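These notes concern the structure reproduced below.
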Amino acid sequence: MTANESIGIQVSNLTKNYGKLTAVDQVSFDVRKGEIFGFLGPNGAGKTTTARIITGVLKADKGEALVMGYEAGTLKAKQIAGVVPETANAYEDLSGWKNMDLMGKIYGVPKNIIKDRSEELLKKVNLYSRKDELVRTYSKGMKQRLILCMALISDPEILFLDEPTAGLDVQSSRMIKDFLLEFNSDGKTIFLTTHQMEEANQLCDKIAIIDQGVIVKIGSPERIRTEIKGMHSVEVSFEGAVNHHFFNSLSEVKSLKKKGDKYKLYTEKPGDTVVSLAKHASARNLEIVSLNVLSPSLEDAFLSLTRREKKS
Amino acid sequence: MSDTAILFQQAKRAWIIARKDIRIYYSKGPVIIFGILFPVFLFLSFAVGRNLPFESLIPGLLGMVLFFTSTSISPAVAPWETQARTLERLMSAPLKTHTIILGDILASFLYGVLVSIVPLIACVGFGIKISHPVILMLGIILAGFCFSSLGLIFSAAPTSMPSTIMMLSVMVKFPVIFISGIFIPLDQLPEWGRIISFVSPLTYFTDIARLCIKKRGYFSLGFDFLMLVAFTILFLLFAMIIHHITMPKRI
């Protein structure tokens with residue numbers, strides 16, 4: 001396989017303007033075949049616009065996007081892709097089964113295959129027993145599972161998902177993630193747009209972080225996480241209530257965040273911070289319930305990268 | 001895949017879109033109100049108490065029903081799909097914009113043609129003989145397609161509010177009814193009214209219906225059909241171009 005043959009999505013200098021606003025600015029990246037690629041960014045960063053250009057819903061003002069070697073937006077590129085758009089919906093006046101049938105026919109899937117595949121997919125996401133009910137009676141999680149099944153009815157080579165688990169309950173969210181991993185294990189490519197760090201961390205082989213229309217980082221989640229310096233943290237919880245003034249005398253602590261009954265102290269010197277914290281607690285007769293030194297999380301990296309962009 | 005094969009494939013998919021529209025939108029309240037009840041009550045308000053022979057009324061009724069029904073679905077589908085958030089899925093599917101539009105026009109066209117059969121059945125029920133049934137059917141088919149294309153132009157504005165589009169379309173449809181020889185035959189209109197009526201496609205269909213039912217029209221059949229073809233091409237091309245521009249703005 002040559003270098004080009006191994007690339008599922010190739011994006012070069014993609015630019016999209018809305019009046020004076022540049023929503024996507026010279027964005028370039030490659031997604032290898034069989035990879036789960038996470039496209040991360042805060043709200044309004046340009047994620048959805050980029051995804052819409054690649055899926056052929058919008059046209060770029062400049063640049064080029066290729067899907068499995070086909071120009072984005074062409075019938076060939078659309079035919080081999082499955083799409084779960086952001087805030088998309090199934091037809092609520094049709095049953096789940098009729099929605100599957102409609103999507104299969106639109107993609108030109110033969111009738112008998114539509115039937116078999118719909119049955120298989122709906123069973124996998126626990127919707128088969130409710131297949132004949134109108135979609136308007138489905139819960140949000142059920143609708144999202146159905147939309148995913150609709151995107152897979154044509155057995156696509158590549159799957160685009162824009163915030164697929166946003167606002168879902170844990171069960172539906174887990175089911176969708178497991179489903180995606182299973183799809184990927186067959187060698188299929190996934191392009192996932194999300195702002196949920198944990199989701200990206202669990203699923204993605206590679207991620208790109210976009211902010212204000214510009215790619216600020218591309219790499220594996222682990223690599224991006226470890227590249228962020230000075231973002232170690234110490235997580236501590238005490239028996240009894242403590243307010244943030246307690247930490248004022250700890251000079252090593254750069255910033256702190258309360259997380260439930262725990263405090264997360266950001267520091268460049270985690271070892272010194274632990275020692276100071278223990279002494280400080282002991283001097284005030286405070287019992288430490290838990291104390292953990294944490295490396296930077298993907299969320300920390302994300303915040304660091306996107307904040308840095310805003311400052312500049 | 002050859003160009004012919006792509007054309008055939010897209011035509012087939014336009015029919016799938018049309019079937020989806022038929023299944024979902026034919027029974028929607030606004031479609032029934034603006035497409036069926038509105039023209040019927042408008043007609044009754046004109047006809048009741050005037051002691052006019054049914055034979056004189058039926059071409060106008062037929063024209064009004066076809067016009068209102070054919071323009072009742074095509075304007076509403078795009079804002080409904082926008083509101084229901086189903087449009088992006090269609091736009092990312094292997095469909096050309098023209099295919100989606102053609103599917104909507106087909107659904108609206110079929111609705112118009114099917115409902116128009118009701119006044120024709122009434123015609124038979126009242127013992128009125130249609131002199132040229134085949135020509136009348138051809139006129140209904142052509143005019144249905146023409147009016148559906150016109151309906152699609154109403155929804156060009158990228159709004160997600162079907163009510164806005166419905167109001168806009170009613171604002172256009174009402175004056176058209178009064179200038180198209182529906183209530184008053186063209187030869188009885190004043191000169192200025194006749195001149196205005198030439199710009200309405202409904203004028204030519206009503207004339208075809210009068211020719212086929214009352215054996216008396218204002219224009220020749222050839223001219224009526226020629227004008228309907230011209231209006232159809234104009235509306236269809238305009239609808240295709242304008243929706244190609246505005247569809248991405250809907251999402």
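Points to keep in mind about this one:
- Integer Hz, Karplus 6.51/-1.76/1.60 couplings in order for region B:29-42, x for Gly and Pro: x, x, 5, 5, 5, 7, x, 10, 5, 4, x, 5, 5, 4
- Candidates B:Ala11, B:Ala239, B:Ala78, ranked by Gaussian network fluctuation over chain B, Cα under 10 Å, top entry: B:Ala11
- A simple rule links phi to the HN-Hα coupling: the Karplus curve 6.51 cos²θ - 1.76 cosθ + 1.60 with θ = phi - 60°, which for region B:167-178 gives 4, 4, 5, 5, 4, 7, 5, 4, x, 4, 4, 7 Hz, with x for Gly and Pro.
- Looking at region A:7-220 alone, DSSP beta bridges between its own residues are antiparallel in about 55 percent of cases.
- Lys, Arg +1 and Asp, Glu -1 on Cβ, resulting dipole of chain B about Cα centre, debye, nearest 20: 440
- GNM top mover of B:Thr206, B:Thr232, B:Thr82 - chain B, alpha-carbon springs below 10 Å: B:Thr82
- The Rg/Rh ratio of region B:128-169, with both radii computed over alpha carbons and Rh defined as the Kirkwood radius, is 1.26.
- Pairs of Cα atoms nearer than 8 Å and 6+ residues apart set the relative contact order; for chain A it is 19 percent.
- Three principal axis extents describe the C-alpha atoms of region A:111-205; from largest down they are 36, 28, 16 Å.
- At q = 0.09, 0.12 Å⁻¹, base-10 log of I(q)/I(0) for the protein assembly as shown (Debye sum, equal scatterers on each alpha carbon): -0.79, -1.11
- Compactness index (Cα Rg / 2.2 N^0.38 Å), region A:232-295: 0.97
- Charge context of B:Ala157, other residues only, Cβ under 13 angstrom, K/R +1, D/E -1: +2
- Debye intensity ratio in log₁₀ form over the Cα atoms of region A:155-214, taken at each q of 0.18, 0.22, 0.30 Å⁻¹: -0.65, -0.95, -1.49
- Loop exposure criterion: trypsin sites (Lys or Arg not before Pro), DSSP state outside H, G, I, E and B, at most 13 other Cβ atoms within 10 Å. Applied to chain A, the longest stretch between such sites is A:60-228.
- With a threshold of 24 Å on the Cα-Cα distance, the over-threshold entries among A:Lys98/A:Lys140; A:Lys98/B:Lys12; A:Lys143/A:Lys206; A:Lys98/A:Lys123; A:Lys123/A:Lys177; A:Lys47/A:Lys177 are A:Lys143/A:Lys206.
- Distant-in-sequence amide contacts of A:Ile207, defined by a placed amide H-H separation under 5 Å and a gap of 5 or more residues or a different chain, comprise A:Gly38, A:Gly219, A:Ser220.
- Positive-pole candidate from A:Phe302, A:Val236, A:Leu250, dipole of region A:168-312, charges at beta carbon: A:Leu250
- Between region B:6-31 and region A:36-93, the alpha-carbon center distance in angstrom: 24
- Student exercise, the protein assembly as shown dipole from Lys, Arg, Asp, Glu Cβ charges, in Debye to nearest 20: 720
- Value of D in µm² per second that Stokes-Einstein yields for chain B, Kirkwood Rh from Cα pairs, at 10 °C (1.306 mPa s): 86
- Among A:Gln212, A:Gln202, A:Gln79: highest mean-square fluctuation, GNM of chain A, C-alpha pairs under 10 Å: A:Gln202
- Taking N as the residue count of region A:61-114, its C-alpha radius of gyration divided by 2.2 N^0.38 Å amounts to 1.41.
- Long-range amide H partners of A:Leu294 with built H, under 5 Å: A:Ser233, A:Val234, A:Glu235
- All other residues whose Cβ lies under 14 angstrom from that of A:Leu94 are scored, Lys and Arg at +1 and Asp and Glu at -1, for a net of +4.
- A compact globular protein would have a Cα radius of gyration near 2.2 N^0.38 Å; the ratio found for chain A is 1.18.
- Backbone phi angles across region A:26-34, fed through the Karplus curve with coefficients 6.51, -1.76 and 1.60 (θ = phi - 60°), yield HN-Hα couplings of 6, 7, 9, 6, 10, 10, 7, 4, x Hz in residue order; Gly and Pro are listed as x.
- The eigenvalues of the Cα gyration tensor, multiplied by 5 and square-rooted, give region A:1-72 an equivalent ellipsoid with semi-axes of 22, 13, 9 Å from largest to smallest.
- Annotation: amide H-H contacts under 5 Å for A:Gly8 (H modelled 1.01 Å from N, sequence separation of 5 or more, or interchain): A:Val31, A:Arg32, A:Lys33.
- Cα-only Debye scattering, region A:76-157: base-10 log of I(q)/I(0) at q = 0.14, 0.16, 0.21, 0.23 Å⁻¹: -0.39, -0.52, -0.90, -1.08
- Per DSSP, loop GluC sites (Glu not before Pro) in region A:1-64 with at most 11 further Cβ within 10 Å: A:Glu5
Read-outs: derived from the displayed coordinates by stated rules, not from any lab. All values reported here derive from a predicted model rather than from experimental measurement. For neighbour counting, all protein chains shown are included, and Cβ atoms are generated from backbone atoms with ideal geometry for every residue, glycine included.
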